[in-house]
1. Within the stretch 265-286, does at least one residue satisfy the condition of being touching a Lys or Arg at 6+ places or on another chain (Cβ under 8 Å), assigned to a loop (DSSP other than H, G, I, E, B), crowded, with 22+ Cβ neighbours inside 10 Å and on the phi < 0 side of the Ramachandran plot?
2. Can we say SER317 is of a type in the set (S, T, N, Q), more than 28 Å from GLY152 (Cβ to Cβ) and either modelled with pLDDT under 95 or out of contact with any strand residue (DSSP E or B) (no Cβ under 9 Å at 6 or more places or on another chain) (or both)?
3. Yes or no: GLY250 modelled with pLDDT under 95 and either in a helix (DSSP H, G or I) or surrounded by fewer than 20 Cβ atoms within 10 Å (Cβ to Cβ) (or both)?
4. Picking from GLY347, GLY322, which residue would you name as being at positive phi and surrounded by fewer than 17 Cβ atoms within 10 Å (Cβ to Cβ)?
5. Hey, which of the strands (runs of 3 or more DSSP E) in the stretch 314-370, taking only ones fully inside, have at least 3 residues that are under 22 Å from the mean Cα position of the chain (by Cα)?
6. ASP190: in contact with a strand residue (DSSP E or B) (Cβ under 9 Å, 6 or more places away or on another chain), acidic (Asp, Glu), closer than 24 Å to ARG77 by Cα and touching a residue at least 60 places away in the same chain (Cβ under 8 Å), yes or no?
7. Of ALA146, ALA174, which residue is part of a strand (DSSP E or B), in contact with a strand residue (DSSP E or B) (Cβ under 7 Å, 6 or more places away or on another chain), in contact (Cβ under 8 Å) with a residue 40 or more places away in the chain and more than 18 Å from ALA103 (Cβ to Cβ)?
8. Any chance the stretch 291-298 includes a residue that's assigned to a loop (DSSP other than H, G, I, E, B) and within 25 Å of PHE149 (Cβ to Cβ)?
Amino acid sequence: MPFIVVALVAVLTADVLLLATSGRPGAPSAAAPPPEPRQTLMAEHQQQEQKQQPARTAEPVAPLKKLHKPNLFVLTRKPFTNELLQKVAKLRGVRALELADAASITLDGKRVQTLAVDPSSFRSYTPKVTASSDALWQNVAAGDVAVSFVLGSDGGLQLHRKVSGPAGPLRIGAYATTGIGAVDAVVSKDVGRTLGLPHDNALIVSAPNVNSAALRTKILKKLPKGTQVAMVNPVLPQPQQKVAQNWPAGSFMTGEQVTVALKAAASKLGRPYVWGAEGPDTFDCSGLVQWAYAQAGVRMPRVTHQQWVAGPQVPLSQAQPGDLIFWRLDPTNPGYISHVAIIWGDGKMIQAPRTGDVVKLSPIHTRGLAGIVRVSPIAAAKVR
């Protein structure tokens, strides 16, 4: 049953993405030699073009025809059946669906949430720069793993290097952010089988003209108990898409809460950055934010693009201690929120920068600045 899906950007909650842990190995299928890949922008921090050689032979990947926009990411405990797919497909406003295999696997000693996909169709759901790279998708088809720009740059997974995986070494073929929140690695379906990923347990839904929250509720009613549905690039009623100009009293952190959060973050100065770490001894950038604000009783979502919607945006000139500062630094998805720090005051911020560095006080810089968010505990707790 042919379904297609969509370009990915925006809010995906870590609570929802509780991807299954991989297990059983399988065997990859035989394949024909791929066409010679052309140069692609997927890769270096300097965003320079490179030629990427395929890791092994594979069937040619179909050319990109057009992009689609996804709105929901569905995860089930058991594989989707045709009956379940039909239930979702018949809901009003659903335009396209794409199946994938989802699991959390260990790459280079890091727990990485991973999708196994059909490169020919899945490329249409990714951001334009990523989707347009024929070489990238040919390399995925040939056996490479494509990791997000943040996992590559901050997590220390060097391009073209072989890293340890559940079933042997995997080559890092590209930096390519999919746009699905916490998903940081993509492999082919064949490779997914060797890694033991569950089969057809994830579904991407494109429904660009209906309320995503309402559709999420309908999907949960149609699918078995235990199904999880997260909004990706959500479509919401117009009034909810605008930043409220006048937030009611009590919407924001108290002075005492801000002080507690700042002291908590400062108590971790010098602790190592570790990809995916949430404390109390090691942290990544959003893990430090989540841990510090939890000490003040504020339930923050887990990853940067979720924290971006944890309150209203304010101008940099009006930033206060305890506000969050965000950047867009990902050349594979220029709209993606890829880094966060905590405003300390006096032109400084507390951040967990990247692999090989530590939690530190740094001068605020504006290269790639996305904006400043004033944290609302009420809004933060509702992020899904």
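The values are calculated or read from the model by the stated rules, or taken from the named source; none is laboratory data. Since the structure is predicted, the reported quantities are computational estimates derived from the model, not experimental observations. Here the Cβ positions follow ideal geometry from the backbone for every residue, glycine too, while neighbour counts run over all protein chains shown.
1. Yes; the residues of the stretch 265-286 include at least one that is touching a Lys or Arg at 6+ places or on another chain (Cβ under 8 Å), assigned to a loop (DSSP other than H, G, I, E, B), crowded, with 22+ Cβ neighbours inside 10 Å and on the phi < 0 side of the Ramachandran plot.
2. So SER317 passes the test.
3. Yes; evaluated as a whole, the condition is true for this residue.
4. So the residue among GLY347, GLY322 that is at positive phi and surrounded by fewer than 17 Cβ atoms within 10 Å (Cβ to Cβ) is GLY347.
5. On the way: elements: 324-327, 339-345, 348-351, 360-363.
The qualifying strands (runs of 3 or more DSSP E) are 324-327, 339-345.
6. In short, yes.
7. Working: ALA146 fails: more than 18 Å from ALA103 (Cβ to Cβ).
Step by step, each of ALA146, ALA174 is checked, and only ALA174 is part of a strand (DSSP E or B), in contact with a strand residue (DSSP E or B) (Cβ under 7 Å, 6 or more places away or on another chain), in contact (Cβ under 8 Å) with a residue 40 or more places away in the chain and more than 18 Å from ALA103 (Cβ to Cβ).
8. Taking the stretch 291-298 and keeping what is assigned to a loop (DSSP other than H, G, I, E, B), we get 295-298.
After this cut, where a residue has to be within 25 Å of PHE149 (Cβ to Cβ) as well, the list is none.
No, that holds for no residue.
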